Each structure stands twice: as C-alpha cells, then as structure tokens.
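First comes the structure, then the notes that go with it.
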Amino acid sequence: MRFRHPDGTTVHLAYCTNVHPAETLDGVLAQLRDHCEPVRRRLGRDRLGIGLWLARDAARTLDTDPAALRALRGELDRRGLEVVTLNGFPYEGFGADEVKYRVYRPDWADTERLEHTTALARILAGLLPDDVTEGSVSTLPLGWRTAWPAERAAAGHRALTTLAERLDALADLTGRSVRVGLEPEPGCVVETTGDALAPLTAVGHPRIGVCVDTCHLATSFEDPARALDALAEAHVPVVKSQLSAALHADRPDRPEVRSALAAFA
C-alpha cells in the first residue's frame with residue numbers, strides 16, 4: 001500500500017512473503033494466489049505492496065529467463081500486487097523444518113552471495129511499477145560472527161564494493177535505482193546498527209546501507225531513536241524498515257516461563 005508522508009514523499013508498505021515457504025517460481029506464483037491477493041482483498045485495497053522473497057532457484061529462473069520475469073510481472077498486475085522491495089536475506093530452505101545456522105549461508109565472503117544479490121537487484125529493476133524508480137533489497141549482515149576472521153572480513157568488503165559498482169551500472173542501464181541494506185541481527189557480524197557503521201562507512205556508497213528490523217532492534221536492546229540518529233550522523237542510509245515482533249517475557253527466570261518459551265526453540 002502507498003501512503004503520503006507529510007513531507008510529500010510516498011511511503012510504501014509491503015506484506016513480506018518470506019513467512020510462506022516457496023523455493024521455486026511456481027511456489028512464488030502460488031503465494032500470490034493463495035496469500036497475497038486474499039490479503040489485498042481482505043484489506044479492501046485496489047493494490048497491495050508485497051516484500052517478495054525469492055529463493056535461489058526462483059531467482060535464477062527469473063534472472064536467466066526474460067519471459068519468466070515478464071510473466072511474473074503480469075501476474076502481479078493481474079492480482080493487484082506490486083513489488084518495490086525484496087527480502088534477500090534467506091538464500092534457500094527458509095521454510096524447512098530446521099533452518100538455524102543455514103540461513104547465514106552463503107555469507108558475504110562467499111562469491112555466491114554477491115552473485116545472488118546482484119541477480120535480485122536485476123530482477124527487482126524489472127518488477128518495479130512503471131511510476132516507481134527506486135527499490136530495495138535486504139540482505140545478510142555479512143555473516144555469522146563466529147566464523148568471520150580478518151580475511152573473510154576483507155572478502156566481504158570487496159564484495160560490497162563490487163555490489164555498489166554493479167548497482168550504479170544497473171541504474172545507468174535501466175533508470176531504476178536499487179539499494180541494498182544489511183539487516184543487523186543478534187549473533188551476526190553486524191549484530192546491531194552500531195556494528196554496521198564501520199563496514200558501511202568503509203564502503204561509503206549511497207546504495208549500500210541498513211535494513212532496520214524492529215524485532216532485531218528489540219532483541220538487541222537498541223533504542224530506535226538513538227540508532228537512527230547514529231546512522232544519520234554517519235551518513236549510512238536506511239534502505240528499508242521491517243516491522244516485525246519479538247516475544248517478551250517479564251520473568252524469564254521462572255520455570256513455567258522457560259517451559260512456555262521452549263516451545264519456540
């Protein structure tokens with residue numbers, strides 16, 4: 001959905017599809033039919049924005065087959081849906097029974113993460129509505145922190161620098177500006193928005209920034225206002241925001257509370 005901000009700019013609100021498992025393009029099309037269009041109808045809106053998650057296999061199909069990309073764009077239009085942002089964090093298997101550490105692979109020291117994210121940017125440029133010239137992709141916050149020595153950090157920096165160059169070239173070619181945001185998450189190299197400052201100021205590019213997730217802010221005990229002020233002061237752009245929820249327990253030391261929380265392990 002679109003809203004008008006008091007400063008006159010357009011705010012896009014999207015329903016994120018990564019809550020529904022789909023590894024292939026056929027699975028994505030089923031999501032549009034079974035979940036996204038019904039949500040739009042329930043809200044009584046003519047058009048609904050969706051934050052599309054494309055797993056590896058679906059992304060490769062769309063990136064290598066122009067006809068498939070055109071078909072997806074047509075299906076979105078037919079169902080009253082539009083895409084201005086992609087969730088590029090999970091690579092594949094996000095709907096599996098057990099995900100855990102696999103969600104952090106490949107990380108930004110692996111060239112496959114760069115290639116996958118570049119493909120997502122190209123796909124998004126082809127899916128953006130005709131009256132929209134900017135889109136965003138959220139991505140892994142570099143990697144899981146227990147396996148991030150100096151040489152992998154250097155590789156991650158090179159990959160993000162290369163990505164910035166590719167995003168510039170994409171904008172020149174298509175007239176569509178796609179930005180990518182690291183999504184800070186507990187346990188990762190970039191665990192908080194503060195952790196994002198050093199690697200992103202080192203890259204120093206306006207198309208590489210941060211995706212602020214409200215759940216991750218909460219579980220890292222960050223103050224949202226201070227976090228946003230620090231990013232602005234460092235000239236690190238907020239590429240997108242994800243409005244999500246976290247469980248809260250007032251007394252996690254109590255056995256009955258721990259037992260209840262264990263159901264979510």
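Summary of computed values
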{"read-out": "Gain on full stretching of the segment that runs from Arg4 to Thr214 - 0.36 nm per residue minus C-alpha separation", "value": "73.4 nm"}
{"read-out": "Extended-chain gain in nm, criterion 0.36 nm per residue less alpha-carbon gap, Thr24 and Asp250", "value": "77.3 nm"}
{"read-out": "Solvent-free Debye scattering, log10 I(q)/I(0), computed from the Cα coordinates of the stretch 127-265 at q = 0.09, 0.10, 0.16, 0.19 Å⁻¹", "value": "-0.34, -0.41, -0.88, -1.11"}
{"read-out": "Hz values of 3J(HN,Hα) by residue in the stretch 178-188 - Karplus curve (6.51, -1.76, 1.60), Gly and Pro given as x", "value": "10, 10, 10, x, 5, 9, x, 8, x, x, 9"}
{"read-out": "DSSP loop chymotrypsin sites (Phe, Trp or Tyr not before Pro) with at most 15 other Cβ within 10 Å: longest gap in the chain", "value": "1-220"}
{"read-out": "Cα centroid separation, the stretch 1-65 to the stretch 117-195 (Å)", "value": "19 Å"}
{"read-out": "Pairwise FRET efficiency - Arg226 versus Leu173, Cβ, R0 = 45 Å, nearest 0.05", "value": "0.70"}
{"read-out": "Whole-number Å³ per residue for the convex hull built on Cα positions in the stretch 190-265", "value": "101 Å³"}
{"read-out": "Shape parameters for the stretch 50-96, alpha-carbon atoms, Rg then Dmax in Å", "value": "11.3, 30"}
{"read-out": "Positive minus negative residues near Val210 (Lys, Arg vs Asp, Glu; Cβ under 11 Å)", "value": "-1"}
{"read-out": "Cα-Cα pairs of the stretch 1-73 separated by more than 21 Å (percent)", "value": "35 percent"}
{"read-out": "Choice from Asp110, Asp229, Asp253 with maximal GNM fluctuation in the chain (Cα, 10 Å cutoff)", "value": "Asp253"}
{"read-out": "Fluctuation leader among Leu52, Leu72, Leu140 - the chain, Gaussian network, Cα springs under 10 angstrom", "value": "Leu72"}
{"read-out": "Cut-off 20 Å (backbone N to label point 7 Å along Cα→Cβ of Val39), residues of the stretch 1-31", "value": "1-4, 11-31"}
{"read-out": "Cα-based Kirkwood hydrodynamic radius, the chain, one decimal, Å", "value": "19.3 Å"}
{"read-out": "Portion, in percent, of the accessible area of the chain that falls on carbon or sulfur, probe 1.4 Å", "value": "53 percent"}
{"read-out": "Spacing of the two label points (7 Å from each Cα toward its C-beta) at Arg70 and Glu112, in nm", "value": "3.2 nm"}
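The values are calculated or read from the model by the stated rules, or taken from the named source; none is laboratory data. Remember, predicted model here, so these are calculated numbers, not experimental data. So basically every Cβ, Gly included, is an ideal-geometry build from the backbone, and we count neighbours across all protein chains shown. Quick note on the areas: whole protein, heavy atoms, side chains included, nothing else; ligands and nucleic acids left out. Shrake-Rupley method; radii C 1.70, N 1.55, O 1.52, S 1.80 Å.
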